[in-house]
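Peer 1: A single structure is presented below for examination.
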């Protein structure tokens with residue numbers, strides 16, 4: 001097994017960081033790795049915003065409810081970005097572009113481009129001994145984050161990523177078994193047995209971990225998540241920003 005595979009398989013979310021900033025050299029390497037990610041049709045339809053202003057970090061920490069959004073080595077926000085693709089367009093050309101800019105296809109393209117770049121950044125950071133944690137909770141108040149970052153139309157924040165020197169080594173959370181996520185040639189509808197086995201695995205994990213033990217299963221977590229309305233304002237904000245309208 002090579003070092004790259006070992007780095008990927010050793011991933012865990014880090015939520016406590018030492019008071020050590022990410023160096024400029026480290027950041028440049030992380031961003032260069034992000035930019036080498038695959039991109040659809042050479043669009044590179046994303047922007048990464050590094051948040052260093054302490055007031056902005058405080059505001060984002062309050063929005064997310066996560067203290068480590070403020071206390072870390074560096075904070076990145078990954079955005080879907082189709083704005084730069086309009087900059088050289090005449091008013092007439094822009095009108096012609098709107099149906100493409102606002103369709104679901106290009107919303108997916110920009111979100112996927114951003115996610116691919118982010119995962120490259122994550123692997124690069126972890127390969128240097130840094131820890132990372134994705135921050136989906138910036139979508140708790142997406143319009144407020146949009147305002148804090150002064151984003152133009154056709155740019156929308158998707159998620160954040162905190163990076164830094166780990167101050168803890170949390171237990172590694174189990175993943176679904178291969179048989180539950182990989183099927184050959186067609187979708188396997190009846191994989192309840194695999195989920196039942198995984199529920200037992202995750203229940204044992206929660207009982208044995210060093211902190212925050214609890215009685216829970218993966219399927220119960222998913223039932224709770226999808227039976228309780230969550231971030232129901234996101235659709236409207238996405239459309240207001242000029243994405244996914246058609």
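Peer 1: So, in the stretch 24-43, how many residues would count as being part of a loop (DSSP other than H, G, I, E, B) and either within 10 Å of residue 113 (Cα to Cα) or in contact with a strand residue (DSSP E or B) (Cβ under 7 Å, 6 or more places away or on another chain) (or both)?
Peer 2: Narrowing the stretch 24-43 to residues part of a loop (DSSP other than H, G, I, E, B): 36-39, 43.
If we keep only those that are either within 10 Å of residue 113 (Cα to Cα) or in contact with a strand residue (DSSP E or B) (Cβ under 7 Å, 6 or more places away or on another chain) (or both) too, we end up with 37-39, 43.
Of the residues in the stretch 24-43, 4 are part of a loop (DSSP other than H, G, I, E, B) and either within 10 Å of residue 113 (Cα to Cα) or in contact with a strand residue (DSSP E or B) (Cβ under 7 Å, 6 or more places away or on another chain) (or both).
Peer 1: Restricting attention to the stretch 103-125, does a residue exist that is in a loop (DSSP other than H, G, I, E, B) and either closer than 14 Å to residue 155 by Cβ or free of Cβ contacts under 8 Å to residues at least 60 places away in the same chain (or both)?
Peer 2: If we filter the stretch 103-125 for residues that are in a loop (DSSP other than H, G, I, E, B), which is where we start, we get 103.
If we keep only those that are either closer than 14 Å to residue 155 by Cβ or free of Cβ contacts under 8 Å to residues at least 60 places away in the same chain (or both) as well, we get none.
Among the residues of the stretch 103-125, not one is in a loop (DSSP other than H, G, I, E, B) and either closer than 14 Å to residue 155 by Cβ or free of Cβ contacts under 8 Å to residues at least 60 places away in the same chain (or both), which makes the answer no.
Peer 1: Same structure again: So residue 39 passes all but one of these: (1) over 13 Å from the mean Cα position of the chain (by Cα); (2) in contact (Cβ under 8 Å) with a residue 12 or more places away in the chain; (3) under 30 Å from residue 16 (Cβ atoms). Which condition number does it fail?
Peer 2: (3)
Peer 1: May I ask you to verify whether residue 177 is modelled with pLDDT of 95 or more and touching a strand residue (DSSP E or B) at 6+ places or on another chain (Cβ under 9 Å)?
Peer 2: Values: modelled with pLDDT of 95 or more: yes; touching a strand residue (DSSP E or B) at 6+ places or on another chain (Cβ under 9 Å): no.
So residue 177 does not fit the description; no.
Peer 1: For the stretch 44-65, which positions are assigned to a helix (DSSP H, G or I), touching a helix residue (DSSP H, G or I) at 6+ places or on another chain (Cβ under 7 Å) and over 19 Å from residue 155 (Cβ atoms)?
Peer 2: Step one: filter the stretch 44-65 for residues assigned to a helix (DSSP H, G or I), giving 54-64.
When the remaining residues are screened for being touching a helix residue (DSSP H, G or I) at 6+ places or on another chain (Cβ under 7 Å), the result is 56-57, 59-61, 63-64.
57, 61, 64 - these are the residues of the stretch 44-65 that are assigned to a helix (DSSP H, G or I), touching a helix residue (DSSP H, G or I) at 6+ places or on another chain (Cβ under 7 Å) and over 19 Å from residue 155 (Cβ atoms).
Peer 1: Something else: May I ask you to verify whether residue 191 is within 28 Å of residue 61 (Cβ to Cβ) and surrounded by 12 or more Cβ atoms within 10 Å (Cβ to Cβ)?
Peer 2: Values: within 28 Å of residue 61 (Cβ to Cβ): no; surrounded by 12 or more Cβ atoms within 10 Å (Cβ to Cβ): yes.
Considered against the rule, which asks whether it is within 28 Å of residue 61 (Cβ to Cβ) and surrounded by 12 or more Cβ atoms within 10 Å (Cβ to Cβ), residue 191 comes out as no.
Peer 1: Identify all residues within the stretch 126-141 that are under 17 Å from residue 10 (Cα atoms) and in a helix (DSSP H, G or I); write none if there are none. Before the answer, list the steps.
Peer 2: The first filter runs over the stretch 126-141 and keeps only residues under 17 Å from residue 10 (Cα atoms), leaving 126-134.
Scanning the stretch 126-141 gives 126, 127.
Peer 1: Which residue pairs have Cβ atoms closer than 8 Å, lie 6 or more positions apart in sequence or on different chains, and pair a first residue in the stretch 174-195 that is over 18 Å from residue 221 (Cα atoms) with a second residue that is assigned to a helix (DSSP H, G or I)?
Peer 2: Here the result reads 179/194, each pair linking the stretch 174-195 to a residue that is assigned to a helix (DSSP H, G or I).
Peer 1: Taking the condition of being part of a loop (DSSP other than H, G, I, E, B) and under 21 Å from residue 15 (Cβ atoms), how many residues in the stretch 208-227 meet it?
Peer 2: Here is the first cut: in the stretch 208-227, the residues part of a loop (DSSP other than H, G, I, E, B) are 209-217.
Among the residues that remain, those that are also under 21 Å from residue 15 (Cβ atoms) are: 209-214, 216.
So the count comes out to 7.
Peer 1: Right, something else. Going through 213, 235 one at a time, which residue ends up being closer than 26 Å to residue 65 by Cβ and under 24 Å from the mean Cα position of the chain (by Cα)? Walk me through it before giving the result.
Peer 2: Numbers: 213 fails: under 24 Å from the mean Cα position of the chain (by Cα).
None of the other options fit; the residue is 235.
Peer 1: Also, quick follow-up: Filter the stretch 48-75 down to residues that are within 16 Å of the chain's Cα centre (by Cα) and within 15 Å of residue 150 (Cα to Cα) and give me whichever is surrounded by the most Cβ atoms within 10 Å (Cβ to Cβ).
Peer 2: Filtering first and then ranking leaves 60.
Peer 1: Still on this structure, please answer the following. From the list 157, 170, pick out the single residue that is at pLDDT below 95, within 27 Å of residue 58 (Cα to Cα) and crowded, with 16+ Cβ neighbours inside 10 Å.
Peer 2: Values: 157 fails: at pLDDT below 95.
Residue meeting the stated conditions: 170.
The values are calculated or read from the model by the stated rules, or taken from the named source; none is laboratory data. Given the structure is predicted, the values throughout are model-derived calculations rather than measurements. With ideal geometry, Cβ positions are generated from the backbone for all residues, glycine too; neighbour counts draw on all protein chains shown.
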